[in-house]
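One structure is given below, encoded as structure tokens.
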Amino acid sequence: MALWTQVLLWGLALLQRSGPATSDSSVVSESVVTWEAGSQAVLRCQSPRMVWTQDRLHDRQRVVHWDLGGGPGPARRLVDMYSAGEPRVYQPRDRGRLLLSPSAFHDGNFSLLIRAVEESDAGLYTCNLHHHYCHLYESLAIRLEVTDDPRAARAYWDGEKEVLTAARGTPTLLTCVNRALLWTERHLEEAQQVVHWDRQPPGVPHDRADRLLDLYASGERRAYAPPFLRDRVAVGADAFARGDFSLRIDPLEPADEGTYSCHLHHHYCGLHERRVFHLRVAEPAATPPPLRPSPGSAPDPTLARGRSVINVIVPEGRAHFFQQLGYVLATLLLFILLLITVVLTTRQRRRGGYDYTDQKSAKAKAKDVNLAEFAVATGDQTPYRSEDIQLDYKNNILKERVELVHSPLPAKNIDLDKEFRKEYCK
């Protein structure tokens with residue numbers, strides 16, 4: 001009874017380890033990536049634990065083996081068996097004496113049968129179940145004791161393991177049963193291994209993300225992307241063979257911005273991982289048009305085949321600085337000379353204007369003096385009206401005055417100074 005209780009507890013513990021994990025996957029990486037519009041964007045999602053190796057290794061990722069220890073030396077391998085193979089016995093004397101069920105990976109019964117127990121068979125036996133792909137290792141220990149009294153044969157639980165006492169020469173079964181789907185249903189591995197990509201547009205939470213792709217280890221693929229994105233996203237056809245589930249978007253458009261998530265699920269292995277990518281789309285850099293050589297001209301040696309090579313000569317920093325400084329100083333000196341020339345010319349013109357005004361004022365004063373000198377009273381000419389005197393006149397004004405005196409017309413007073421001022425003002 002104790003034996004079956006121990007086996008049941010061990011099976012329940014194994015079911016808990018190999019059963020489906022929580023629906024929420026753990027975020028193992030989160031990054032921000034930026035690609036130019038029009039280029040091919042690659043969101044890398046890789047995991048060697050998701051490599052599907054069934055066809056290449058002939059389903060040898062699951063194995064059971066029995067070891068014997070407890071003696072003075074190290075434990076030794078007795079027998080092992082792969083899920084797609086037959087039992088292999090290591091010691092020649094044990095062949096035909098140690099047996100494993102060929103249908104162990106179908107019915108979950110990995111018990112070891114010893115046809116005739118010998119004294120040397122006593123020790124600590126361990127039933128080891130390995131899943132190399134899932135990195136799962138389960139072990140069950142059983143202690144075997146050999147006695148000569150058949151009535152002393154019994155089985156009990158010592159708190160850590162089962163202890164089995166068997167009579168010499170009798171067949172003995174070391175029980176190891178595990179009917180978890182991980183070890184018995186090989187074809188379900190393909191259905192439980194799935195990868196899917198989600199996309200969140202800007203401002204959309206994670207629980208409302210859009211499904212883009214579903215990938216199954218069996219080769220089935222399902223696309224859910226919107227029409228504007230469906231024909232531009234792809235994952236490699238050999239994704240499960242290489243463990244590379246990177247998403248490629250070609251060509252990238254500005255509307256593709258958002259948060260992308262790569263979900264890796266292996267339900268019976270307990271693998272639930274999520275990688276998050278925040279995709280940013282940048283404007284493409286402007287590239288100058290390629291130079292086309294004119295017909296008949298020699299080819300440019302700086303242009304390599306298929307690529308343009310541009311030789312850029314960068315001047316030395318110090319020489320370039322002094323050259324620019326010389327240009328600035330020369331321009332400043334030229335401006336100063338031009339300013340001095342304008343100032344001197346303006347001053348010279350102002351000085352010439354002052355001299356011309358002084359000369360004009362002097363001439364006006366001279367004319368006033370002459371007019372004062374030739375002021376003559378008309379009364380002095382009265383005694384000589386009847387006399388015909390021939391005089392030598394100094395100017396036309398005196399002559400007119402004399403003619404007015406001798407004329408019978410009434411005398412007319414003329415202000416010569418006023419008349420001269422009028423002429424001068426004209």
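The values are calculated or read from the model by the stated rules, or taken from the named source; none is laboratory data. Just so you know, these numbers come straight off a predicted model, no measurement behind them. Don't worry about glycine lacking a Cβ; one is built from the backbone with ideal geometry, like all the others, and counts go over all protein chains shown. SASA here: full protein model, heavy atoms, side chains in, ligands and nucleic acids out. Shrake-Rupley method; radii C 1.70, N 1.55, O 1.52, S 1.80 Å.
Could you say which residue among 99, 129 is farther than 30 Å from residue 257 by Cβ and touching a helix residue (DSSP H, G or I) at 6+ places or on another chain (Cβ under 7 Å)? Please lay out each step first, then the result.
Values: 99 fails: touching a helix residue (DSSP H, G or I) at 6+ places or on another chain (Cβ under 7 Å).
Just one listed residue meets the conditions, 129.
Residue 137: open to solvent by 60 Å² or more (accessible area, probe 1.4 Å), in a strand (DSSP E or B) and touching a residue at least 40 places away in the same chain (Cβ under 8 Å), yes or no? Walk me through it before giving the result.
Numbers: open to solvent by 60 Å² or more (accessible area, probe 1.4 Å): yes; in a strand (DSSP E or B): yes; touching a residue at least 40 places away in the same chain (Cβ under 8 Å): no.
Here the answer is no, as residue 137 does not meet what is asked.
Is there a residue in segment 67-85 that is open to solvent by less than 60 Å² (accessible area, probe 1.4 Å), touching a residue at least 60 places away in the same chain (Cβ under 8 Å) and not polar (S, T, N, Q)?
Yes.
Restricting the first residue to segment 154-171 and requiring it to be at positive phi, which pairs with a second residue that is open to solvent by 20 Å² or more (accessible area, probe 1.4 Å) and at pLDDT 90 or above meet a Cβ separation below 6 Å and a spacing of at least six or different chains?
169/116
Return the residue satisfying two criteria in turn: it lies in segment 243-275 and is under 20 Å from the mean Cα position of the chain (by Cα) and of a type in the set (Gly, Ala, Ser), and of such residues it is surrounded by the fewest Cβ atoms within 10 Å (Cβ to Cβ).
255
Working carefully through the options 335, 321, find the one that is open to solvent by 100 Å² or more (accessible area, probe 1.4 Å) and modelled with pLDDT of 90 or more.
Every option except 335 fails the conditions.
Quick one: count up the residues across segment 98-123 that are outside any helix (DSSP H, G or I), within 18 Å of residue 85 (Cα to Cα) and open to solvent by less than 50 Å² (accessible area, probe 1.4 Å).
8
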